[in-house]
Structure formats: structure tokens, C-alpha cells
1. Would it be correct to say that Thr151 is under 24 Å from Leu86 (Cβ atoms) and outside any helix (DSSP H, G or I)?
2. Based on what the data block shows, is Val125 surrounded by fewer than 16 Cβ atoms within 10 Å (Cβ to Cβ) and either touching a strand residue (DSSP E or B) at 6+ places or on another chain (Cβ under 6 Å) or assigned to a helix (DSSP H, G or I) (or both)?
3. Out of all the residues in region 156-166, is one or more under 25 Å from Trp99 (Cβ atoms), surrounded by fewer than 19 Cβ atoms within 10 Å (Cβ to Cβ) and either touching a Gly at 6+ places or on another chain (Cβ under 8 Å) or of a type in the set (A, V, I, L, M, F, W, C) (or both)?
4. Which one of these does Ser90 not meet: (1) in contact (Cβ under 8 Å) with a residue 60 or more places away in the chain; (2) among the small types (Gly, Ala, Ser); (3) more than 19 Å from Pro181 (Cβ to Cβ)?
5. Going by the conditions given, is His118 loosely packed, with under 15 Cβ neighbours inside 10 Å and in contact with a strand residue (DSSP E or B) (Cβ under 8 Å, 6 or more places away or on another chain)?
6. Can Thr188 be described as under 21 Å from Lys101 (Cα atoms) and either touching a residue at least 40 places away in the same chain (Cβ under 8 Å) or in a helix (DSSP H, G or I) (or both)?
7. Out of the residues in region 81-114 meeting the condition of being aromatic (Phe, Trp, Tyr) and outside any helix (DSSP H, G or I), tell me which one is surrounded by the most Cβ atoms within 10 Å (Cβ to Cβ).
Amino acid sequence: MYLRADIIENVVLIQLLERVLAPRRPGCHPSSTLWHPGQGRGNWLSWLVTLFSGLESRLAFTLSVCVSRKSDLNMIRPLWRTLLSLWLTSVLLVISFPWSKFDGTPHWDNIQWIPFAHLSFHPTVLVETGANFLAFIPVGYLMVRSLSPGTRHPLLLASLLGLCSSASVEFYQLLCHGRVPATTDLITNVAGTVLGARMAQGVDQLLNLCTVGLRRLFP
């Protein structure tokens, strides 16, 4: 049976993307991508990461199938933008909890102006800082995926999105009693966005290298 080289190439790319992007559970077989709600219940970040990883792998499958057709790629891009909107909205809503502390009065005395000056090694502080960093990685990744081909300065655009989103959260916290707006959160969120954008660019470069190699093997 005759197989086209681009079909073989797509199958290999699908397998590669599934291995890289599929969510993992401790003690599970590497091929297992199932996630049980009972594990890590209450951990919103784990749930969002698992959801994002699963949708990412499915979108990667669709993207790889129509990789040779520009019109189909234009149809895929709204899916990336929808996923970006859902993820960013979920993250901003979770970070803004609890809403009961909103009083509409600026609490300027609560602002931590100097970055990392109040950062400690207390587990709660480290978990919160790490969660902010990790939550914004998909923002940068999906932002790059959502841009049209040929868009200039995608890394800068992703950084601006992370900066504006994080700044809006910090401004909201300024109007809440008992909340602490901090430049540390602003920096870590933007850093996570930049890392996510660079990961998207790195995946593109890796896939391009794989595509070139596969075309040489299957001319």
C-alpha cells in the first residue's frame, strides 16, 4: 500500500506532540493520559493545566492533519484564540477570589513596591508565587499560537498581554481590603508569559526540524 510522505510525517508529529503535551499522573504508564477528579481535588491549577494539556494535544492533532493547507490553518486559529480567552478568564477569576474583600477604596499602604523584598521561603508564599508563574505560561504559549502568520514581534505582544492582565489583577487587589498588590507578582506573571511564548516558538522550531528530516527520509 502506498503511503504519502506527508501522511507519515503527520503521524510522527502527532505521536511526538502527544508524548510531550499529554498530562501525566505519578505512577501511571507513560501512555496513560487519563485524569481522575479525586486526585488533587481543590487544586485549581492542576485542573486547569490538565484541561489545557488535553485540549492542546487534540488541537495539535487537528493542526498536524491540515498542516499543508493554509486555509485550514486559518480555521484552526480561532480555536487557539478561544482557548486563550477561556484560560485567561479562568486564571483572572481564580486570582481575584475572594470577591467579598472588594470595597472600592484604594489601599495604597498595602502595595509592595520593591520587587522580591517581601519574598520568603514560607511554603505558602512559594506555592502562591510558583502558581502565578505557572498559570501565565499558557497565556504566552496560546498568545503566540493565536497570532496570524507573519505577525511581527510575537514575543513582545505576548509580554504586553501578560503585563496588562497581571496589572489589572493588581489594580483590583488595590481596591480590596486585606489584599496585597505586589510588583513581585507582576514580574513573575510576565516572566511566565514570556516563557510560554518562547516555548511556542521552540515547538515551532522543533517541528520545522522534524519536518525537514522527515521529508529527507520520505522524499
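1. yes
2. yes
3. The answer is yes, given that some residue of region 156-166 is under 25 Å from Trp99 (Cβ atoms), surrounded by fewer than 19 Cβ atoms within 10 Å (Cβ to Cβ) and either touching a Gly at 6+ places or on another chain (Cβ under 8 Å) or of a type in the set (A, V, I, L, M, F, W, C) (or both).
4. Condition not satisfied by Ser90: (1).
5. So His118 fits the description; yes.
6. Judged against the criteria, Thr188 is not a match.
7. Narrowing region 81-114 to residues aromatic (Phe, Trp, Tyr): 87, 97, 99, 102, 108, 113.
Checking the rest, the ones that are also outside any helix (DSSP H, G or I) come to 97, 102, 113.
On the way: Phe97: 9, Phe102: 14, Trp113: 9.
Of everything passing the filter in region 81-114, Phe102 is surrounded by the most Cβ atoms within 10 Å (Cβ to Cβ).
Every number in this text was worked out from the coordinates using simple rules, so none of it is lab data. Since we're looking at a predicted model, the values are computed, not measured. Cβ: placed from backbone, ideal geometry, glycine included. Neighbour counts: every protein chain shown.
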